[in-house]
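*Asks:* Handing you a structure now.
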Amino acid sequence: MIPEFYNPDLLATALTHKSYANEHSTKEAPVQNNERLEFLGDAVVNYIAAEWLYQQYPTLGEGRLTSLRAALIRSAALAQFAQTIGLPSELRLGKGEEESGGRQRANILCDAFEAVLAALYLDQGMAAAQEFFVPLLNATAHTLLSENLDRDAKTVLQEWSQSVLNVTPRYQLFGTEGPDHAKKFKVEVWLGELMAATGQGHSKQIAEQMAAREALKLQESLVSSMAVVSSQ
C-alpha cells in the first residue's frame, strides 16, 4: 500500500510517467514527470538496502552483501515491490503507453517505485522511507539467501555441472509467444545429451537464468539421468 503524503503533489509527480507529462503539459501549466525523482530514488534505494543488509547480516562478507543488494534492488525486484504496493493502478500514463501495456512493464514500475521512495524521503525523511521499504526487503532477502538466488544461476549451474558431471551447460531457444511488446522467450538448458530443464522470461537472458534455476533444483535426479544417458 502506498503511504500517505503530507504533500500530495510530490506523490503525483512520482506517479507521472513522461508520456503523460508530454500529453498534458502546456506552456501555462507544465506537468512534471518522475524522472528527477527516479534519479534520487535510485540513491535512496541503494542506501537503505545497503544499510539494512549491513545491520541484518553481520557475518556476511562484502562480496555476498554486494550480490544480495544487487538481487534485492534489480529492476525485476523493484517492479515486483511496485506490484505489491498496488502501484500499477495509480500510475499516470499517456494514452499510447497505456494501450501498449505500460502498467505492467517492469522498467516503468521499477522507475515509479524508485520515484515514490524518493518522494517519501523528501516528504517525511529517511526514517519514513526506511519504514516503508525495509519490510519489502525483509520479505525477500531471506529467500534469496537461503536459496542462493542472489548468485548468478548460470554461473552456479556451470560450476556444479563441470565439477560433478564434467559437462558445460548449453542453452537453446525453442520458442516465443505473445505480442512484440510483451514477448516471452522459452529456453532449454542441455547437459551433454540430456535436456535438463526449461525456463521462460521476457528476454532470452532471463529465460536462460530461469532454466538454470530449474536445473539447480534437480541436481540429484540429473546425476542419475546423466548416468542413464551415458550408459546408452
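*Asks:* Select, from Val187, Val229, Val167, the only residue that is outside any strand (DSSP E or B), touching a Leu at 6+ places or on another chain (Cβ under 6 Å), of a type in the set (Val, Ile, Thr) and at pLDDT 90 or above.
*Replies:* Unique residue meeting the criteria: Val167.
*Asks:* Determine whether Val134 is modelled with pLDDT of 90 or more, out of contact with any strand residue (DSSP E or B) (no Cβ under 7 Å at 6 or more places or on another chain) and either assigned to a helix (DSSP H, G or I) or surrounded by 13 or more Cβ atoms within 10 Å (Cβ to Cβ) (or both). Spell out how you get there, then give the answer.
*Replies:* On the way: modelled with pLDDT of 90 or more: yes; out of contact with any strand residue (DSSP E or B) (no Cβ under 7 Å at 6 or more places or on another chain): yes; either assigned to a helix (DSSP H, G or I) or surrounded by 13 or more Cβ atoms within 10 Å (Cβ to Cβ) (or both): yes.
Yes, satisfied.
*Asks:* Taking Tyr171 as the residue in question, decide whether it is over 18 Å from Ser75 (Cα atoms) and assigned by TED's automatic domain parsing to the domain that holds Glu51.
*Replies:* Judged against the criteria, Tyr171 is not a match.
*Asks:* Given (1) in a strand (DSSP E or B); (2) over 18 Å from the mean Cα position of the chain (by Cα); (3) not aliphatic (A, V, I, L, M), identify the lone condition not met by Gly199.
*Replies:* (2) is the only condition that Gly199 fails.
Matching residues to (1) surrounded by fewer than 17 Cβ atoms within 10 Å (Cβ to Cβ); (2) touching a strand residue (DSSP E or B) at 6+ places or on another chain (Cβ under 6 Å); (3) among the basic types (Lys, Arg):
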residue	(1), (2), (3)
Phe185	no, yes, no
Leu191	no, no, no
Ala197	no, yes, no
Ile206	no, no, no
Arg213	no, no, yes
Lys217	yes, no, yes
Glu220	yes, no, no
Ser224	yes, no, no
Ala227	yes, no, no
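*Asks:* In addition: Give, as residue ranges, the helices (runs of 4 or more DSSP H) completely inside segment 1-118 that count at least 1 residues that are outside the structural domain of Lys184 (by TED's automatic domain parsing), in contact with a Lys or Arg (Cβ under 6 Å, 6 or more places away or on another chain) and hydrophobic (A, V, I, L, M, F, W, C).
*Replies:* In segment 1-118, the matching helices (runs of 4 or more DSSP H) lie at 35-56.
The values are calculated or read from the model by the stated rules, or taken from the named source; none is laboratory data. All values derive from a computational prediction rather than experimental measurement. For neighbour counting, all protein chains shown are included, and Cβ atoms are generated from backbone atoms with ideal geometry for every residue, glycine included.
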